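A short worksheet on the structure shown next.
Derivation of every value follows stated rules applied to the coordinates shown; laboratory data play no part. All values derive from a computational prediction rather than experimental measurement. A quick note on method: Cβ atoms are made from the backbone with ideal geometry, for glycine too, and the neighbour counts reach across all protein chains shown.
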Amino acid sequence: MKVIETGIEGLMIIEPRVFADARGYFYETYNKTAFVTAGITEEFVQDNQSLSQKGVLRGLHFQAPPFAQGKLVRVIHGAVLDVAVDIRKNSPTYGQHRTVVLSGENKTQFYIPPGFAHGFLTLEDHTIFAYKCTGFYNKGSEGCLLWNDPNLNINWNFELPQLSEKDLAGEAFINFNSPF
């Protein structure tokens, strides 16, 4: 696998080695030894999967300590614009974000450590998004930043995404007191 640094500490793009032929393809989505060698030493304890149509935006979500989660995200089918925002108060990249297109075709993965808000916008219908988490979900510890906050300046390149009530009510970054 190829690990690409993003310029934000701990945030990594992972391109797996894919073996393809006329029958289809094979690749490892996770190999503990390879990930530890790459510096991802957390244990994954929960897997999640979602299905969304084109134009659905989910995020920007995080779990506050002591229920903070790291995530290893990928797309099984379809495509997303995936976004991670650094919300670690003492980080030199606090408030900065990185985006990456993840798709069933490119098989790229994104590792998002604890201390980041995460979201994605589906670019195709019937997109299946899967992720491994380093912590269990805890409803009382969930947080949400406003997806289109001008202070974050995220270019979603989409005018009117479909949003949940929770995502519509995300917190403005200017008022945000990070728990990290």
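Summarising the label geometry, the points placed 7 Å from Cα in the beta-carbon direction at Y94 and F19 lie 4.7 nm from one another. Once each of the GluC sites (Glu not before Pro) sitting in a DSSP loop with at most 12 other beta-carbon atoms within 10 Å is removed, the chain keeps 44-104 as its longest stretch.
Listed values for region 90-95 are Karplus-derived 3J(HN,Hα) couplings in whole Hz (6.51 cos²θ - 1.76 cosθ + 1.60, θ = phi - 60°), namely 8, 7, x, 10, 3, x, and x replaces Gly and Pro. Going by the alpha-carbon gyration tensor, a ≥ b ≥ c the square roots of its eigenvalues, is the chain rounded (a/c under 1.5) or, if a/c is not under 1.5, prolate (a/b greater than b/c) versus oblate? It comes out oblate by the Cα gyration axes. In this structure, the amide hydrogen of F180, modeled 1.01 Å from its nitrogen in the peptide plane, lies closer than 5 angstrom to those of K89, counting only residues at least 5 positions away or on a different chain.
Modelled spin labels at F158 and D125, positioned 7 Å past Cα toward Cβ, are 1.5 nm from each other.
Positive contributions from Lys and Arg (+1) and negative ones from Asp and Glu (-1), summed over other residues with Cβ under 9 Å from the Cβ of K107, come out at -1.
From its DSSP helices (H runs of at least four residues, each -39,500 (n - 2.57)), the chain gives a residue-normalised ellipticity at 222 nm of -1000 deg cm²/dmol. What full-extension length gain, to one decimal in nm, is calculated for Q49 and N31 as 0.36 nm per residue of separation minus the Cα-Cα distance? Result for the pair: 4.6 nm of gain on full extension.
Once you have the Cα-Cα distance between E171 and E105, take 0.36 nm times their residue separation minus that, and quote the gain in nm to one decimal.
20.4 nm
Between the alpha-carbon centres of region 147-180 and region 1-20 there is a gap of 26 Å.
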